[in-house]
Amino acid sequence: MQNLRKKFPVLKQCIYANTASAGLLSEDLMEWRQGHDLDFLIGGSKMKNKGFAHMPEIKKVVGKFFHCSPENVALVPNFSLGLNLLLEGLPKDKTVLLLQSDYPSVNWPFETRNFKRVYVDIDAGMEDNIREKVKSGKIDVLALSLVQWVNGVRIDLDFLKELKKDFPNLMIIADGTQYCGVEEFDFEASGIDILGTSAYKWLLAGYGNGFFLVKDEVKDQFDLKGIGNGSVNNDLSQRNNISFCKFLEPGHLDSLNFGSLEFALHFLEDIGLENVQAQLQKLSTKAMQTFSELDLLEPHIAQRKQHSTIFNIKGDEKLFNRLTEENIVASPRGGGIRLSFHFYNTEEEIDVIGTLLKRWMSKR
C-alpha cells in the first residue's frame with residue numbers, strides 16, 4: 001500500500017482523512033482522462049460514437065465487479081438522480097422504513113413524495129429495531145445507507161440477508177456510496193434488491209458517474225416514467241421495447257465519466273479488494289482504539305461489532321480549524337468532525353492525529 005500512495009499527489013501535502021467527502025484522483029486515472037480528451041479533441045463525434053457504443057462493456061465490468069447481470073446494471077450520473085427516477089415509478093401506497101438522520105438523498109426523496117414512513121434510530125440496537133418494525137407486517141420497503149455518512153455506522157450485511165430471507169416480500173433499497181469499494185461485494189447473494197451508488201468516494205472514479213443494480217424479482221413493482229432518446233440508444237423503433245434499467249438512462253452517458261468508472265474498477269481489481277479490506281480493517285481498529293481512548297466517540301459506536309473507517313469525533317469549529325492548520329483534511333459533520341480513511345492512509349497518520357488531539361485536549 002505504501003507504493004500506491006505515490007499515485008495520489010495530494011498525500012504529499014496533507015493527511016487526507018476525507019474520502020467520505022471525496023475520493024482522491026490518482027495519477028493513473030488523470031493520465032487516462034487526458035488521453036480520452038485528446039482523442040475527443042482530434043476525433044470529435046467519431047470518437048464519441050465509439051464511446052457511446054462502449055457503454056454495454058462498461059456495464060459488464062460493473063456487473064462482474066459486483067456480481068450482477070449486466071442487463072440489471074443502470075449507469076447514472078449519481079445516486080440521487082437514480083433514486084429519484086426510480087421512485088417516480090414506485091406506487092405511493094407503500095410504507096417505507098427509514099433510518100433517522102440517514103443521508104438526505106436517501107430519506108428526502110421518500111419524504112417529498114409523501115410515502116407513509118416509519119423511522120428507527122441509528123444506534124447499537126439498530127438491526128434489532130429494524131427487525132421489530134418489519135415484523136409488524138406493515139413495512140413494504142426498507143431504504144437505508146449501508147454505511148452512515150455522518151458517523152460511519154455500518155449495517156450488518158448478514159442481517160440484511162437474513163431479514164430478506166425471513167421477509168421475502170420486503171423490498172430492500174440501499175445506498176452504497178459510502179460502502180462500495182471497501183471490500184468484495186456479491187449483489188446477487190446479498191439480501192439487497194436495489195443498490196445505488198455514486199462512485200466518486202471509495203471507488204475513486206471521480207465525479208459524474210454511478211450505477212444502480214436491480215434484481216429481477218422487484219422490477220414488476222415499478223412503473224418507471226423516466227424516458228428519453230438514451231433509453232432506446234438512438235433507435236426510435238424501440239420506443240415500446242425499453243428494458244427496466246434503460247428507464248434510468250434517459251439521456252446520453254458520458255464516455256469520460258463512465259470510462260473513469262471502468263478505469264477505477266480495473267484499478268481496484270489490480271490492487272485486490274482483499275488487500276483493500278485488510279488495510280481498512282487495520283485502520284478502523286487503530287482509529288477506534290485511538291478515538292475511544294480519548295473519549296471522542298458516541299458511546300454506541302464502540303458497542304457495535306463492526307465499524308467502517310468513518311469516524312465522527314467530538315469537536316468544535318476551533319478544533320476543526322486547528323486540524324486544518326496542521327494540514328489534516330476532514331469535514332465538519334453532525335455537530336462534530338468527521339475523519340475518514342481509505343487504503344492510502346496509514347496507521348502512522350492516525351497516530352499523528354491522535355497526538356494532536358491529546359495536545360489540544362490537555363490545553364482546554
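Quick notes
- Helix runs (DSSP H) in the chain reaching 20 Å along axis by Cα, Kyte-Doolittle at least -1.0: 27-53, 255-271, 273-293, 347-362
- Cross-link pairs beyond the 26 Å C-alpha cut-off, checked among 135/215; 6/201; 64/164; 46/215: 46/215
- Report summary: the helix-based calculation at 222 nm, which adds -39500 (n - 2.57) for every DSSP H run with n ≥ 4 and divides by the residues of the chain, gives -12500 deg cm²/dmol.
- Pairs from the list 133/246; 60/219; 116/225 with a Cα-Cα gap above 31 Å: 133/246.
- Cα-based shape type of the chain, given that a ≥ b ≥ c are square roots of the gyration tensor eigenvalues and the cut on a/c is 1.5: oblate
- Partners for residue 318 among lysines (Cα-Cα distance below 17 Å; same-chain residues under 8 apart left out): 358, 363
- Rounded percent of accessible protein surface that carbon and sulfur make up, the chain, 1.4 Å probe: 49
- Value of Rg to Rh for the stretch 173-231 (Rh from inverse mean 1/r over Cα pairs, i.e. Kirkwood): 1.01
- Extension gain from residue 22 to residue 101, taking 0.36 nm per residue of separation minus the Cα-Cα distance: 26.4 nm
- Exposure ranking of 322, 359, 239 by accessible area [1.4 Å probe, largest first]: 239, 359, 322
- Of 293, 347, the order by accessible heavy-atom surface (1.4 Å probe, DNA, RNA and ligands excluded), from most exposed downward, is 293, 347.
- Note that the stretch 45-105 presents 43 Å² accessible area per residue, ligands and nucleic acids not counted, probe 1.4 Å.
- Top of 80, 243, 260 by mean-square fluctuation, Gaussian network on the chain, Cα under 10 Å: 243
- Estimated translational D of the stretch 23-151 in µm²/s (Stokes, Kirkwood radius over Cα pairs; 20 °C; 1.002 mPa s): 118
- Between 184, 274, 325, the Gaussian network model of the chain with springs among Cα atoms under 10 angstrom shows the greatest mean-square fluctuation at 325.
The values are calculated or read from the model by the stated rules, or taken from the named source; none is laboratory data. Nothing here was measured: the structure is a model prediction, and the numbers come from that model. Each accessible area value is taken on the protein alone, full model and side chains, heavy atoms only, with ligands, DNA and RNA left out. Shrake-Rupley method; radii C 1.70, N 1.55, O 1.52, S 1.80 Å.
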